[in-house]
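Notes to accompany the following structure.
The values are calculated or read from the model by the stated rules, or taken from the named source; none is laboratory data. In this text, all values refer to a predicted model and were calculated from it rather than measured experimentally. Methodologically, a virtual Cβ is constructed for each residue, glycine included, from the backbone with ideal geometry; neighbour enumeration extends over all protein chains shown.
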Amino acid sequence: MDALDRERKARRTVKGKVGGGLKTPPRHSPRGGQAGERSLSCAVPPWQMEYFGTIGIGTPPQQFTVIFDTGSSNLWVPSVYCKSPACTNHKRFNPQASSTYQATNNPVSIAYGTGSMTGILGYDTVQVGGVSDTNQIFGLSETEPGSFLYYAPFDGILGLAYPQISASGATPVFDNMWNEGLVSQDLFSVYLSGNDQSGSVVMFGGIDSSYYTGNLNWIPVSVEGYWQISVDSITMNGQSIACNGGCQAIVDTGTSLLTGPSNAIANIQSDIGASQNSYGQMGISCSAISNLPDIVFTINGNEYPLPPSAYILQSQQGCISGLQGMNLPTASGELWILGDVFIRQYFAVFDRANNQVGLAPVA
């Protein structure tokens, strides 16, 4: 498939199945899409905390497991130049084993909420969902300090936010796919499966209505960088619990939990009866879930209820709150992160052409 010769009219939807928790080989999914689509899937564990899929980099392709992260913009994977324990515990890209790799001397440094990396930038062909994204810039890590990435069930990160926040000005993968004519629409969509299901999907260039019910509600992006939107209010039992006068939120597939200002989250934890357990998590009695209220986000005039079955995470070991406190103030008010706890309830479309996010209840 030669992307340079592809006419825009020949663009298509690229569907990649996303799994989590188990590093199983990709397999063809029985759930198909439109004609010509290819799907990949990985097994999903009973208690989903992270979602990731497989991509290939180089010629021949070297396989990596990555998080598809709408909260960052860079693609990077560990490299053979990295000697950090986090790198040696994962797959590492070897530039000398790729006939299409192009080196640069440009450094890259990225910090996340729970980890960081430094390295160099290079160019190569990236395969996502069976489509070859040629001449894609990406990071090759040289250091990955700390323990978080050491234990991570993924090798690297594929960022899907705006290029404005890309470290070292690197062109994000989706931007490059669009520029090369590889996708039919300048948007992508995400379906994250529930705790006891499989088949999460990131679809580049298309929307599959079988994954949601009703109509998509469109929300303007308030700041182009993250997928940031304005929230009208946050309530429980009809009473305001945060976001008085409005606030901001980021729709972020790379954050597992629902994140908000520390004081607001502490009040909610108290209201739902969550208390810190011996592991430092906010535990709650599983029997209490049926009596807890929804957390209702009103966004662009529409209500998005988050039921207790969504914001309480259940496993055989017990139940914990899926909320976490973190103070991230902005010029437009307090900031919330609508992570996987939220996105599992709402099919999400990230529309770059119109700078908007579409949300609809999952099917």
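The table that follows gives values for the structure above.
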{"quantity": "So THR125, is it part of a strand (DSSP E or B) and under 20 Å from GLN62 (Cβ atoms)", "calculated": "yes"}
{"quantity": "Condition check for CYS82: crowded, with 16+ Cβ neighbours inside 10 Å, assigned to a helix (DSSP H, G or I) and assigned by TED's automatic domain parsing to the domain that holds GLY56", "calculated": "no"}
{"quantity": "Residue in segment 263-271 that is among the charged types (D, E, K, R) and closer than 15 Å to GLN345 by Cα present", "calculated": "no"}
{"quantity": "Enumeration of residues in segment 212-254 that are farther than 28 Å from GLN164 by Cα and crowded, with 20+ Cβ neighbours inside 10 Å", "calculated": "TYR212, ILE234, ALA242"}
{"quantity": "The one condition in (1) farther than 26 Å from TYR51 by Cβ; (2) modelled with pLDDT of 95 or more that ASN105 fails to fulfil", "calculated": "(2)"}
{"quantity": "Qualifying residue in segment 341-349 (condition: touching a strand residue (DSSP E or B) at 6+ places or on another chain (Cβ under 8 Å), buried (at least 21 other Cβ atoms within 10 Å of the Cβ), small (Gly, Ala, Ser) and in contact (Cβ under 8 Å) with a residue 24 or more places away in the chain)", "calculated": "yes"}
{"quantity": "Count of residues meeting criterion [surrounded by 17 or more Cβ atoms within 10 Å (Cβ to Cβ) and either touching a Lys or Arg at 6+ places or on another chain (Cβ under 6 Å) or in a loop (DSSP other than H, G, I, E, B) (or both)] in segment 294-331", "calculated": "2"}
{"quantity": "Cβ pairs under 6 Å, 6+ apart, first in segment 100-117 and free of Cβ contacts under 8 Å to residues at least 40 places away in the same chain and loosely packed, with under 13 Cβ neighbours inside 10 Å, second among the aromatic types (Phe, Trp, Tyr) and assigned to a strand (DSSP E or B)", "calculated": "GLN102/TYR123"}
{"quantity": "Strands (runs of 3 or more DSSP E) fully within segment 222-283 counting 3 or more residues that are out of contact with any helix residue (DSSP H, G or I) (no Cβ under 9 Å at 6 or more places or on another chain)", "calculated": "227-231, 247-251"}
{"quantity": "Answer from VAL173, VAL131 - the residue that is buried (at least 19 other Cβ atoms within 10 Å of the Cβ), in the same structural domain as THR59 (by TED's automatic domain parsing), closer than 24 Å to THR59 by Cα and modelled with pLDDT under 95", "calculated": "VAL131"}
{"quantity": "Residues (among the charged types (D, E, K, R) and within 19 Å of TRP336 (Cα to Cα)) located in segment 183-232", "calculated": "GLU224, ASP232"}
{"quantity": "Criterion violated by GLY139 - all others in (1) closer than 18 Å to ASP351 by Cβ; (2) assigned to a strand (DSSP E or B); (3) out of contact with any Asp or Glu (no Cβ under 8 Å at 6 or more places or on another chain) satisfied", "calculated": "(1)"}
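This table checks each residue for (1) closer than 20 Å to ASN176 by Cβ; (2) more than 23 Å from the chain's Cα centre (by Cα); (3) not hydroxyl-bearing (Ser, Thr, Tyr).
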site: PRO85; (1), (2), (3): no, yes, yes
site: LYS91; (1), (2), (3): no, no, yes
site: SER99; (1), (2), (3): yes, yes, no
site: GLY129; (1), (2), (3): yes, no, yes
site: GLN136; (1), (2), (3): yes, no, yes
site: LEU140; (1), (2), (3): yes, no, yes
site: GLU144; (1), (2), (3): no, no, yes
site: TYR151; (1), (2), (3): no, no, no
